[in-house]
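Contents: one structure, followed by commentary.
The values are calculated or read from the model by the stated rules, or taken from the named source; none is laboratory data. Because the structure is predicted, anything quoted here is derived from the model rather than measured. Heads up, the Cβs are rebuilt from the backbone with ideal geometry, glycines too, and the neighbour counts pull from every protein chain shown.
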Amino acid sequence: MTRISILLIALLALVASACSSDQGDSSASPTATAESTPEPTESEAAESEAAEETVGAFPSFDTNGDPELAARFHDTIGGAPLQVQSFRGDVFMAAGGDDPSFTAFLDSVGAELSDVSVAFGGVMSAENPVSVGAFRILGASEDDLEREFIAASEESGDVSGLEQTSVGGKDVWSAADPAGTGMSVFIYTKDDTLYFLTGSEEQVAEILAELP
């Protein structure tokens with residue numbers, strides 16, 4: 001059974017890495033002087049060179065891979081700003097490494113990696129956190145996408161006890177957040193896109209009301 005939900009976790013790591021990289025680039029480095037900076041030893045020079053090669057190998061991520069997908073989410077949730085980044089499938093997979101289960105999933109819905117794009121965002125409020133994710137596979141059947149994702153999530157134990165309900169005028173699947181946050185997980189599928197939302201029912205209803 002494929003484990004599709006792990007990809008959403010990989011996306012979180014990707015976004016965090018991209019943000020850390022941006023912050024690092026904006027930091028100003030003090031100008032060293034000859035008096036204050038000793039000459040590096042041979043071993044220190046080798047270590048520095050290896051570190052530079054490692055940093056240079058880290059990919060630069062395009063966080064605007066599918067603007068239309070990201071734009072489906074409203075700019076705010078409960079008055080708080082919501083920022084959503086989007087990624088092409090190849091960028092997304094580069095963050096999580098080669099995952100045979102994901103390849104199997106694409107085969108099961110008759111898709112290629114080039115058909116995939118994802119979007120993710122959230123409001124990290126201490127009192128009312130909420131996260132939104134969208135997983136789009138061009139040409140995929142709505143029924144196949146929903147069935148495979150739910151089966152994979154339940155099989156892996158990432159989400160269990162899903163029940164059908166109506167929230168924000170949409171038919172969704174809902175369950176308690178397995179992380180024990182006291183919030184709920186909501187899965188909504190429309191056409192070739194599956195939306196994965198975490199938060200209170202009130203917050204999610206506001207988001208769902210704006211989605212296609």
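Considering region 112-128 alone, what residues qualify as being outside any helix (DSSP H, G or I) and either at pLDDT 85 or above or touching a Phe, Trp or Tyr at 6+ places or on another chain (Cβ under 7 Å) (or both)? Those that are outside any helix (DSSP H, G or I) and either at pLDDT 85 or above or touching a Phe, Trp or Tyr at 6+ places or on another chain (Cβ under 7 Å) (or both): Glu112, Val116, Ser117, Val118, Ala119, Phe120, Gly121, Gly122, Val123. Hey, does region 142-162 have a residue that's in a strand (DSSP E or B) and in contact with a strand residue (DSSP E or B) (Cβ under 7 Å, 6 or more places away or on another chain)? No, region 142-162 has no match at all. Going by the structure shown, is Asp192 at pLDDT 90 or above, among the charged types (D, E, K, R) and within 18 Å of the chain's Cα centre (by Cα)? Answer is yes for this residue. Residues considered: Phe135, Phe73, Phe87, Phe105. Of these, the only one that is at pLDDT below 80, buried (at least 16 other Cβ atoms within 10 Å of the Cβ) and of a type in the set (Phe, Trp, Tyr) is Phe105. I'm checking my understanding of the structure. Among residues of region 165-183 that are under 23 Å from the mean Cα position of the chain (by Cα) and exposed (fewer than 11 other Cβ atoms within 10 Å of the Cβ), which one is modelled with the highest pLDDT? Among those residues, the one meeting the criterion is Gly182.
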